[in-house]
Every structure is written in structure tokens, then in C-alpha cells.
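Quick note: the coordinates plus some simple rules give every number you see, no bench work behind them. On a predicted model such as this, the values are computed, not experimentally measured, just so you know. Don't worry about glycine lacking a Cβ; one is built from the backbone with ideal geometry, like all the others, and counts go over all protein chains shown.
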Amino acid sequence: NYPNPFNPTTHIPYSVRKGGHTRLRIFNLLGQNVRILVDGYKAPGKYLAEFSGNNLPSGIYFYQIQCGNFIQTKKMLIIE
């Protein structure tokens, strides 16, 4: 994601190699789901999701993309 750290908005680019149900979720350090940015079918291609950290405390968060058998998780930081 960029920028990282961010306040209050960041962009998460992702690509889908094979079309299918795609889910992009944000989690806090406790593993609780904070937001779902994408949850549906995506055709192959490149995409950009915007995440706003408004109303969330500063700290470390994780975003996870899942498409078919592919799952990837990365860290991001919200600062005030």
C-alpha cells in the first residue's frame, strides 16, 4: 500500500491473475475484521482499492487479499 504509514487514506494496488471471487479485508492486531474493501467477482486485471482509516486509532493493521487458493497478508500503519 502507499503511502505507508498513512493518515487518513492509503491505496492498495492488487492484481487478479485468474478471474474469481476476490476478497480484500482489513484486520487489527487482534485479528478482528475492521473493514471489507472488496468482496465479489473480479475479472483478471489490475485494481486499486482505497482505504480510509478515519475513525480508527493509530496503530498497526493488516490487509489480506484472497482469490481462489491465493492468500497474501501485508502490514500497514496508521499514524495521527
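Within the range 5-64, the set of residues being charged (D, E, K, R) and surrounded by fewer than 13 Cβ atoms within 10 Å (Cβ to Cβ) comprises R17, K18, D39, K46, E50.
Residue count for the range 21-59 under the criterion of being touching a Pro at 6+ places or on another chain (Cβ under 9 Å) and farther than 20 Å from I78 by Cα: the result is 2. Report, by residue number, each residue of the range 1-24 that is aliphatic (A, V, I, L, M) and within 12 Å of G45 (Cα to Cα). Listed by number, the list holds a single entry, V16.
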